[in-house]
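The values are calculated or read from the model by the stated rules, or taken from the named source; none is laboratory data. Quick caveat: nothing in here was measured; it's all calculated off a predicted structure. Quick reminder, even Gly has a Cβ in these numbers, built from the backbone with ideal geometry, and neighbours come from all protein chains shown. When the accessible area is computed, the model is the full protein with side chains, heavy atoms only, and any ligands, DNA or RNA have been set aside. Shrake-Rupley method; radii C 1.70, N 1.55, O 1.52, S 1.80 Å.
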Amino acid sequence: MRAYVLILILIFSFQSWTNADDIRDFEIEGISIGDSALDFFSKKQLDETAYAYSKNDKYLTSYFFNVKFEVYDAVELTYLKKDKNYKIEGLSGGVVVKNINECKKLNNDMAKSLATFFSDAQSLKDEGSTPVDDTGKSKYFRTSFKINPKSDYFEIESSCIFYYGKAANKYTSNAGVTIKTDELNHWLNNEAYK
């Protein structure tokens, strides 16, 4: 039932996105790319929940769980480490899942909803092992959408990330939606894991 409600909420929230080609027009829990994270959370909250994706800590991500969000169980905000304004370059909303089948189903449902609304967008499906799990057991399943033809990267994605073993003790398995700027995508693809 919860998955059905999530899909309905996503469908209604995407309706305002259908004519947009600027990722700053989109919101997750009322938050948009380009906003200052300080408009939603205190500096202390951001700093206390911040982590780096990799050893290259040019960008930091603050993770908020157990906050009373309307749709998602958790929200992540990514910003440049040296940015005193905490300008949001990446934004994710996720729903905690208990098993990989639930995760995949939610991801597939979200991807279908996104494909309906962004019918002209270029899309790409991929899957693999998460970079945070050296064993290769933890997996991701993702559908990415390039909604702005001028963008160098795919800006919006639905995903299922499911962790096993030690990674499951450190990270939360979830299905969700992510929005990223070209700058953040460039760093992730060319610098973060080098």
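Points worth noting:
- Candidates GLU191, GLU183, GLU155, filtered to the one that is under 21 Å from TYR59 (Cα atoms) and open to solvent by less than 40 Å² (accessible area, probe 1.4 Å): GLU155
- Region 39-49, subset of a type outside the set (D, E, K, R) and open to solvent by 70 Å² or more (accessible area, probe 1.4 Å), residue nearest to PHE65 (Cα to Cα): GLN45
- Subset of region 179-194 (residues that are charged (D, E, K, R) and touching an Asp or Glu at 6+ places or on another chain (Cβ under 9 Å)): LYS180, ASP182, GLU183
- Test: ILE23 is at pLDDT below 95, open to solvent by less than 40 Å² (accessible area, probe 1.4 Å) and within 23 Å of TYR153 (Cα to Cα): yes
- Residue in region 119-128 that is at pLDDT 95 or above, surrounded by fewer than 17 Cβ atoms within 10 Å (Cβ to Cβ) and in contact with a Gly (Cβ under 8 Å, 6 or more places away or on another chain) present: no
- Test: residue in region 137-148 that is open to solvent by less than 20 Å² (accessible area, probe 1.4 Å), under 28 Å from ASP57 (Cα atoms) and aromatic (Phe, Trp, Tyr): yes
- For region 71-118, filtered to residues that are open to solvent by 40 Å² or more (accessible area, probe 1.4 Å) and of a type in the set (S, T, N, Q), the residue that is nearest to GLU48 (Cα to Cα) is ASN85.
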